[in-house]
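S.K.: Input: one structure, supplied below.
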C-alpha cells in the first residue's frame, strides 16, 4: 500500500530528498505541510496497514510506531508556527525494513543544536542511551512541549543504526533540517 498525500506546494524543499530515497523502495506515505493531529493519526493508520500487509513482526512494528509517533510529534510540536508549511514526513519500505524521514525549517541555531544532539546520540552505545534516558526522565526541566530530548533519544534507541541529519540553508536566519532513520523489519 502506498499513499501520496495531496501537496499544496508543488515545489516543497524536501522533494529532492524524497525523490532520492523513494527510489530505494515503496513509499508508504509522504506528507508535506502542517502536521495537525488528524494527519498524524492518518499517517499512523497508513503505516499500521502497510506493516500488517507486509507481515512485519510484532516487535519491529512496535519499534516502528515508537519512532513514528516521536518523529511526527516532534514535527508537529517543534515546527515554528510561521514555518508550518515546511513540515515533511515520509515512510519508505525497503523490503528488509523501513526508512523514515522527518523535517521542517527552523532557526539555524536550532538546526545546529539538533545536529549536535544527534551526533552525541549516535556516538552512544545501547547502555549509554539507556542511562541517558533514565537521566532525562528524572530531569524536571521539561516543558509542556517537551524540550528535554526524550523524543530524539527514543528515536535513537528504537532505530537501527545512526540517525542521519540532512540540513539545507533556507535564508540568513533559517535552515531546512530532516532526520533520516532506518528500522529493520525483523
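The values are calculated or read from the model by the stated rules, or taken from the named source; none is laboratory data. Given the structure is predicted, the values throughout are model-derived calculations rather than measurements. Here the Cβ positions follow ideal geometry from the backbone for every residue, glycine too, while neighbour counts run over all protein chains shown.
S.K.: If only one of 85, 19, 70 is in a helix (DSSP H, G or I) and in contact with a helix residue (DSSP H, G or I) (Cβ under 9 Å, 6 or more places away or on another chain), which one is it?
M.R.: Numbers: 85 fails: in contact with a helix residue (DSSP H, G or I) (Cβ under 9 Å, 6 or more places away or on another chain); 19 fails: in contact with a helix residue (DSSP H, G or I) (Cβ under 9 Å, 6 or more places away or on another chain).
Result of the check over 85, 19, 70: 70.
S.K.: How many residues does segment 1-16 hold that are out of contact with any strand residue (DSSP E or B) (no Cβ under 6 Å at 6 or more places or on another chain) and at pLDDT 50 or above? Before you say what the answer is, go through the steps one by one.
M.R.: Initial filter on segment 1-16 (out of contact with any strand residue (DSSP E or B) (no Cβ under 6 Å at 6 or more places or on another chain)): 1, 6, 8-11, 15-16.
In the following step, the residues that additionally are at pLDDT 50 or above were identified as 10-11, 15-16.
Residues flagged as out of contact with any strand residue (DSSP E or B) (no Cβ under 6 Å at 6 or more places or on another chain) and at pLDDT 50 or above within segment 1-16 amount to 4.
S.K.: Does residue 114 count as modelled with pLDDT of 90 or more, closer than 18 Å to residue 64 by Cβ and either in a helix (DSSP H, G or I) or touching a strand residue (DSSP E or B) at 6+ places or on another chain (Cβ under 9 Å) (or both)? Reasoning before the result, please.
M.R.: Working: modelled with pLDDT of 90 or more: yes; closer than 18 Å to residue 64 by Cβ: no; either in a helix (DSSP H, G or I) or touching a strand residue (DSSP E or B) at 6+ places or on another chain (Cβ under 9 Å) (or both): yes.
Spelling it out, it is not the case that residue 114 is modelled with pLDDT of 90 or more, closer than 18 Å to residue 64 by Cβ and either in a helix (DSSP H, G or I) or touching a strand residue (DSSP E or B) at 6+ places or on another chain (Cβ under 9 Å) (or both).
S.K.: Now a separate question. Could you tell me which of the residues 96, 105, 89 is crowded, with 23+ Cβ neighbours inside 10 Å, touching a residue at least 60 places away in the same chain (Cβ under 8 Å) and under 23 Å from residue 161 (Cβ atoms)? Outline the logic, then answer.
M.R.: Values: 96 fails: crowded, with 23+ Cβ neighbours inside 10 Å; 105 fails: under 23 Å from residue 161 (Cβ atoms).
From the options 96, 105, 89, the qualifying one is 89.
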